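The values are calculated or read from the model by the stated rules, or taken from the named source; none is laboratory data. Keep in mind it's a predicted model, so treat the numbers as computed, not measured. Cβ coordinates were reconstructed from backbone atoms using ideal geometry, including for glycine residues, and neighbour counts include every protein chain displayed.
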Amino acid sequence: MYDEAAAAGGTILINGDLYSGSDHDAFRANNTLQRLRTPWVVVWRSNFLDQCICVVRDCFDRQSPIKLGHPMYKGEPSKLCYSRRWVDHEHSEYKAHLYRFPTQAYLGAQKAIMGPPAGLRLSRMGLHSAGSQEVVVVKYEDLTAVQYPDADETGEFATGVDAFSRILNAWQVSFSAQQLEQCMLPLRGQRGRPGPHASVVHNIDELKDSPIINHYMRY
């Protein structure tokens with residue numbers, strides 16, 4: 001695949017999921033990515049409860065020995081999982097039922113290994129961003145904020161454009177600041193701010209008294 005892409009003058013974009021572990025084989029297969037000097041970027045969610053909810057609603061923990069919870073639709077266990085992204089359903093009725101103790105452990109673990117620690121870990125594996133011995137680390141929340149209706153007023157649009165520019169620079173993509181901003185402008189107002197977690201967690205009241213869960217909870 002790599003040789004074919006190179007011969008065609010193409011580029012392969014690899015999305016390795018550090019949360020679910022699907023990155024491991026890609027990183028370690030014959031050191032292919034290191035040999036090709038593949039430039040890397042880590043995009044991480046700083047609200048780990050959001051990440052946990054996404055894992056449960058998409059059933060990404062299905063192969064894991066430790067289950068974080070299960071999806072619920074209209075108050076009943078559901079098997080929609082990842083297909084929720086294209087199957088017609090009432091989105092407001094699809095929620096995550098989180099298991100308290102696994103969720104607490106998950107949040108604590110993610111705090112220790114994700115974000116800047118993930119970039120450091122990858123650089124020690126011989127992976128890096130273009131022109132650097134380190135891996136660029138960008139917040140998911142900074143990228144999505146360019147879509148908020150009030151992103152200009154809050155300064156989040158500029159922050160988001162800067163985050164996207166860091167990714168493109170890390171991949172050695174040629175662009176101008178004006179080009180990037182023009183690409184981002186149509187996205188404004190396309191997405192609302194995240195709502196309270198009660199809207200996406202089925203058993204929210206059972207979790208509020210957990211200090212680490214409450215730390216990430218939106219009200």
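Points to keep in mind about this one:
- Residues being farther than 22 Å from Gly75 by Cα, assigned to a helix (DSSP H, G or I) and touching a residue at least 12 places away in the same chain (Cβ under 8 Å) - total across segment 202-212: 1
- Residue among Lys139, Lys79, Lys95 that is touching a strand residue (DSSP E or B) at 6+ places or on another chain (Cβ under 6 Å) and of a type in the set (Lys, Arg): Lys95
- Candidates Leu185, Leu143, filtered to the one that is aliphatic (A, V, I, L, M) and surrounded by 14 or more Cβ atoms within 10 Å (Cβ to Cβ): Leu143
- Test set (1) surrounded by fewer than 18 Cβ atoms within 10 Å (Cβ to Cβ); (2) modelled with pLDDT under 90; (3) in a helix (DSSP H, G or I) - Cys54 fails condition number: (2)
Residues are listed down the side, and each one gets a yes or a no for (1) of a type in the set (A, V, I, L, M); (2) modelled with pLDDT of 95 or more; (3) closer than 26 Å to Gly192 by Cα; (4) more than 14 Å from the chain's Cα centre (by Cα):
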site: Leu36; (1), (2), (3), (4): yes, no, no, yes
site: Gln63; (1), (2), (3), (4): no, no, no, yes
site: Ile66; (1), (2), (3), (4): yes, no, no, yes
site: Leu143; (1), (2), (3), (4): yes, yes, yes, no
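- For segment 62-76, the tally of residues that are within 16 Å of Leu107 (Cα to Cα) and either surrounded by 20 or more Cβ atoms within 10 Å (Cβ to Cβ) or of a type in the set (A, V, I, L, M) (or both) stands at 3.
- Restricting the first member to segment 1-29 and to residues that are within 25 Å of Arg45 (Cβ to Cβ) and outside any helix (DSSP H, G or I), and the second to residues that are small (Gly, Ala, Ser) and at pLDDT 55 or above, the beta-carbon pairs closer than 6 Å and six or more apart or on different chains are Ile12/Ala5; Leu18/Ala118.
- Scanning segment 172-194 for residues that are farther than 19 Å from Tyr140 by Cβ and not in a loop (DSSP other than H, G, I, E, B) yields Ala177, Gln178, Gln179, Glu181, Gln182, Leu185, Pro186.
- A search for C-beta distances below 9 Å between a residue of segment 71-83 that is on the phi > 0 side of the Ramachandran plot and any residue that is loosely packed, with under 10 Cβ neighbours inside 10 Å, counting only pairs 6+ apart in sequence or on different chains, returns Lys74/Glu90.
- Checklist (1) farther than 30 Å from Thr11 by Cβ; (2) in contact (Cβ under 8 Å) with a residue 24 or more places away in the chain; (3) among the basic types (Lys, Arg) applied to Arg62, failing item: (2)
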